[in-house]
Structure formats: C-alpha cells, structure tokens
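Participant: Quick one: the structure is below, questions incoming.
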Amino acid sequence: MQVDVAVTPDGLDESAIPTSAVLVIDVLRAATCIVTALANGCAGIVPVAAPEEARTRLAALPGALVAGERRGEPLQGFDLGNSPLEFTRERIAGRTVVMTTSNGTRALLAARDAAAIGVAAFVNLGAAAAWALTARRNVLLLCSGERGARSLEDYVCAGLLAERLVAGEPAARATPAAEGAIAAARPYGKDVARLAQESSWARHLASRGRGRDVAACLTLDSMSVVPVYRRDVDKIVGGHG
C-alpha cells in the first residue's frame, strides 16, 4: 500500500486515481459538515460545482435541501450554509442535500473516478483511517486547499491520517509528500485546537463570527461515520470505519 498526499486538487496524477482509495479532506468546513449531516441521518449529499447547478439539481429532487457557500459566506436563497452547527438531525434527517462549496466539493468532483472515495476531517479521523486500511489499495489523501493554495488545517489532517495508516499497515509506504505532511502534523497530534490560532482561514472565520464552527471542526474523533461517494446513485452516503 502506498500512502500519498496531494495538497490541492490541482495537478493530480489522474492515471493513479482509478486504482486508489481517496480520502477528501476539507476541515473548515465542508468535510465536517458532510460527516455531521450523515451522522445526523441525512439521506445523502449531492456534490456539485456551481450554485446554478445546485439549484437545477434541487428542482429535480423533491423534498431536498440546498447548501453551500462562497468565500465562507452563505449563498442567497439556499436552505443551509456551510456550518456544521446547521446540519442538525431536526433539519436534515431523511433528506437529501445538494451542496456546493468553494473548495470541498471541487475536490470531491476531482476524485470522482477513484476506485473508492471517502470524506475525512478531524471529527472522523480514526474512522476514516480504518476505512482506508480496509480498502486494501493505494491511498491518496486529497486536501481541498484554499483557492488553489495549501490549507494548513487540511495538510495537518492529511499528515495525521498518513501517520495512522503507516502505523496500521506494516506494508504501507509513505511517499515523500506524505512524509512531509506527517512531519508537519506532529506538533498538532494531541492539540488540533491550536489551529484555531495558527490557521489563517480559522482566524478569518472567527473574525466573521464563526468561532463556534471552528471549534466544532477542530475536534478529534468525535464521530464514527465515514461518508462514501457512490457513483451509482451520484451521492455521498454514510458508512462506518
């Protein structure tokens, strides 16, 4: 098993995607929202690229909700933004959610041809690592990044995942990219909450009154759901590590 890390969806080795299990990471906040939604009984998440496409897909899905953001701000007329605190059982249980975000859904769509696709964040880190180990194939940890640049919180999450995968599989081999992420993540291993101050996007969200979102996203192993994209139904559905 090879464990690799991509810091953004740009420049992916597309030839490796079909034979890999990909974990898509967007800690702040899309991946955390997706994990939270499915833990709270959401029927499925439909990831789309653009707000216009989200509205079109919504029209064909009676009873569905539409969620999303651009530059961290909710989209006008959408039912939900991109706060994990909004995805409550009362709001989303049994319903499908069409979602578009600045970075997370873009990364999910970039990985669409993978042999298996899961969604990872700090909140389901252990379960996501277990899911990847059971895939018995090469693993790509795909960070969503921030508008084409590296996101510290996604990179740290990838590093912690890579470390768990290498520890959990004696035959696992970390690529140089994965080794770099592991090294960067070590200072945060027992205190991911530090990222509230050290991540520029976390600080931005807090400045916009979303400090509770940041705190919810920077919580380790609070959920056991591993969202999995199913090509046959074009939805992300809940699974377990």
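None of the figures in this text is laboratory data; all of them are computed from the coordinates on show. Remember, predicted model here, so these are calculated numbers, not experimental data. Every residue, glycine as well, gets a Cβ built from its backbone with ideal geometry; the counts of neighbours run over all protein chains shown.
Participant: Between Leu85 and Arg71, what length in nm is gained on full extension when 0.36 nm per residue of separation is reduced by their alpha carbon distance?
Facilitator: That works out to 3.2 nm of additional length.
Participant: Expected output is a single nm value to one decimal: the length gained when fully extending between Thr219 and Ala135, i.e. 0.36 nm times separation in residues minus the C-alpha distance. What is it?
Facilitator: Contour length minus Cα-Cα distance gives 27.7 nm.
Participant: Separate question: Could you tell me the distance between the Cα centroids of segment 17-61 and segment 176-241, to the nearest Å?
Facilitator: Centre-to-centre (Cα) distance: 15 Å.
Participant: Can I ask one more? Which of rounded, prolate, oblate describes segment 122-170, given a ≥ b ≥ c as roots of the alpha-carbon gyration tensor eigenvalues and a/c under 1.5 marking rounded, otherwise prolate only if a/b is larger than b/c?
Facilitator: prolate
Participant: Still on this structure, please answer the following. For percent of Cα pairs over 33 Å apart, pick the label among (1) 10; (2) 15; (3) 46 that corresponds to the value derived from the coordinates.
Facilitator: Read-out from the structure maps to (1).
Participant: Sticking with the crude label model, points 7 Å out along Cα→Cβ, report the distance from Arg230 to Glu169 in nm, one decimal please.
Facilitator: Once both label points are built, they end up 2.4 nm from each other.
Participant: Mind checking the angle between helix 30-39 and the chain's longest principal axis? C-alpha axes, 0 to 90 degrees, to the nearest 10.
Facilitator: Compared with the principal axis, the helix lies near 70 degrees.
Participant: Shifting gears a bit: Given a Förster distance of 35 Å, report the FRET efficiency between Arg150 and Val237 from their Cβ-Cβ distance, rounded to the nearest 0.05.
Facilitator: 0.75
Participant: Okay, next question. Please work out how much length the chain gains when fully extended from Gln197 to Glu53, using 0.36 nm per residue of separation minus the C-alpha to C-alpha distance, in nm with one decimal.
Facilitator: 48.3 nm
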